[in-house]
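Shown below is the structure under consideration.
The values are calculated or read from the model by the stated rules, or taken from the named source; none is laboratory data. Because the structure is predicted, anything quoted here is derived from the model rather than measured. Cβ: placed from backbone, ideal geometry, glycine included. Neighbour counts: every protein chain shown.
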Amino acid sequence: MFESVLGIKKPTFGLDIGYRTMKLVQISGTGKRAVLRGAIEVPIAEGTLTKEGVKEKNKLAEQIIAAMSQAKPHAISAKIVSSALPESLVFTKEIDMPKMSLKELNKSIPYQATEFFPIPPDETYMDWQIVGQKDSNIEVLVVAAPKILVNALAEVVSLAGLELMGLETKPAALSRALINPQDKGSFLILDIGAKTSGLTCYDQQTIKLTSTVAIGGDNLQTDFAGSIRLLSSEILHLIKYYQNRIGKAQIINKIVLAGGGTNVEKTIDLIENLTKIKTIIGQPQVDLKGYDPRFATAIGLAVKEI
């Protein structure tokens, strides 16, 4: 969509809109030469993004513009935006399909979607990828987002005088930020947000399965032990489902944490104790000083190639 000029790519920034805050990150360079251009987290109205669209589009656009100028250590200057939708607002389903060509899959999946997505295919933007093979079938991960929400977010970006490069799911951005693309290991990425947590099974260098649970940082603040027990139980349940459901699944031997809830004291130790799986705070694939797990998604968006 946006081509390089004389080998120089147009700068982009990541925009992660959460339940009550949004985070913006711009990074210059790649790998060990990556430098944080600017980053900021600012409050927004609770539940700004919904399945029905975006609340107060003009106000959100103004907040984005203001946040860009207030970012540290430098203002965000990029005009191209890479953003993501939270899993709680996206429909994700792994389905079995008989072996067929990619052309046939493209035609068949929208019809299959009518059986498991609560809104008609003509009201969603849909994407899919093959994640495995089992017996005579192929396993396909299908993702669909309400058009009304996608179009509303694109309008907000336009109102801010910016261009939307792409829109993806948060698990895609997180895996890009935290997992080495050459790593063939098997991971459970846990993104602890304010109200919900996203769980992603990442295996064989791709996302295999995602889930969302209604346990977040707010719950950790009010009932830490009980909430961690429930969260750990959900982790083990998803891993068991993944191992039994997806063909050629590897044993998940590491839980990678991200999100603001990761900063709550003793979260790592208790999850590891309850799940018996090594648990770590995910570190970005770019070398940034003073990294905070709250910014993992925004970093993954910021380093997405045009």
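Could you tell me how many of the residues in the stretch 210-261 are within 25 Å of K93 (Cβ to Cβ), among the aliphatic types (A, V, I, L, M), out of contact with any Cys (no Cβ under 9 Å at 6 or more places or on another chain) and in a helix (DSSP H, G or I)?
4
For the stretch 128-174, which positions are within 15 Å of the chain's Cα centre (by Cα), under 14 Å from P86 (Cα atoms) and not hydrophobic (A, V, I, L, M, F, W, C)?
Those that are within 15 Å of the chain's Cα centre (by Cα), under 14 Å from P86 (Cα atoms) and not hydrophobic (A, V, I, L, M, F, W, C): E168, T169, K170, P171.
What are the residue pairs meeting all of these: first residue in the stretch 16-41, first residue under 14 Å from K72 (Cβ atoms) and without any contact (Cβ under 8 Å) to a residue 60 or more places away in the chain, second residue exposed (fewer than 15 other Cβ atoms within 10 Å of the Cβ) and of a type in the set (A, V, I, L, M), Cβ atoms under 8 Å, and 6 or more apart or on different chains?
G38/A75
Could you look through the stretch 35-91, keep only residues that are of a type in the set (K, R) and part of a strand (DSSP E or B), and pick out the one that is farthest from the chain's Cα centre (by Cα)?
Ranking the candidates gives K72 first.
Quick check on the stretch 220-229. Is at least one of its residues under 19 Å from L174 (Cα atoms), free of Cβ contacts under 8 Å to residues at least 40 places away in the same chain, buried (at least 16 other Cβ atoms within 10 Å of the Cβ) and polar (S, T, N, Q)?
Step one: list which residues in the stretch 220-229 are under 19 Å from L174 (Cα atoms), which gives none.
Checked the stretch 220-229: no residue is under 19 Å from L174 (Cα atoms), free of Cβ contacts under 8 Å to residues at least 40 places away in the same chain, buried (at least 16 other Cβ atoms within 10 Å of the Cβ) and polar (S, T, N, Q).
Can you confirm whether I192 is at pLDDT 95 or above and over 15 Å from the mean Cα position of the chain (by Cα)?
In short, no.
Which members of the stretch 262-305 meet the condition of being within 22 Å of G185 (Cβ to Cβ), assigned to a helix (DSSP H, G or I), in contact with a helix residue (DSSP H, G or I) (Cβ under 8 Å, 6 or more places away or on another chain) and free of Cβ contacts under 8 Å to residues at least 60 places away in the same chain?
I268, L274, T275, P293
On the basis of being surrounded by 15 or more Cβ atoms within 10 Å (Cβ to Cβ), touching a residue at least 40 places away in the same chain (Cβ under 8 Å), assigned to a helix (DSSP H, G or I) and more than 20 Å from the chain's Cα centre (by Cα), does L105 make the cut? Before the answer, list the steps.
Working: surrounded by 15 or more Cβ atoms within 10 Å (Cβ to Cβ): yes; touching a residue at least 40 places away in the same chain (Cβ under 8 Å): no; assigned to a helix (DSSP H, G or I): yes; more than 20 Å from the chain's Cα centre (by Cα): yes.
Considered against the rule, which asks whether it is surrounded by 15 or more Cβ atoms within 10 Å (Cβ to Cβ), touching a residue at least 40 places away in the same chain (Cβ under 8 Å), assigned to a helix (DSSP H, G or I) and more than 20 Å from the chain's Cα centre (by Cα), L105 comes out as no.
The rows are residues; the columns are (1) charged (D, E, K, R); (2) buried (at least 22 other Cβ atoms within 10 Å of the Cβ); (3) farther than 30 Å from I80 by Cα; (4) more than 21 Å from the chain's Cα centre (by Cα).
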{"site": "T210", "(1), (2), (3), (4)": "no, yes, no, no"}
{"site": "A214", "(1), (2), (3), (4)": "no, no, yes, no"}
{"site": "G217", "(1), (2), (3), (4)": "no, yes, yes, no"}
{"site": "L231", "(1), (2), (3), (4)": "no, yes, yes, no"}
{"site": "K266", "(1), (2), (3), (4)": "yes, no, yes, yes"}
{"site": "L274", "(1), (2), (3), (4)": "no, no, yes, yes"}
{"site": "A296", "(1), (2), (3), (4)": "no, yes, no, no"}
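Here is a further query. Within the stretch 110-154, track down each residue that is of a type in the set (V, I, T), outside any loop (DSSP other than H, G, I, E, B) and surrounded by 14 or more Cβ atoms within 10 Å (Cβ to Cβ). Outline the logic, then answer.
Going residue by residue through the stretch 110-154, those that are of a type in the set (V, I, T) are 114, 119, 124, 130-131, 138, 140, 142-143, 148, 150.
Imposing the further condition that a residue be outside any loop (DSSP other than H, G, I, E, B) reduces the set to 124, 130-131, 138, 140, 142-143, 148, 150.
If the condition is that a residue be of a type in the set (V, I, T), outside any loop (DSSP other than H, G, I, E, B) and surrounded by 14 or more Cβ atoms within 10 Å (Cβ to Cβ), then T124, V131, I138, V140, V142, V143, I148, V150 are the ones that fit.
Check whether at least one residue in the stretch 173-188 is under 13 Å from G261 (Cβ atoms), of a type in the set (A, V, I, L, M), surrounded by 21 or more Cβ atoms within 10 Å (Cβ to Cβ) and at pLDDT 95 or above, and report yes or no.
no
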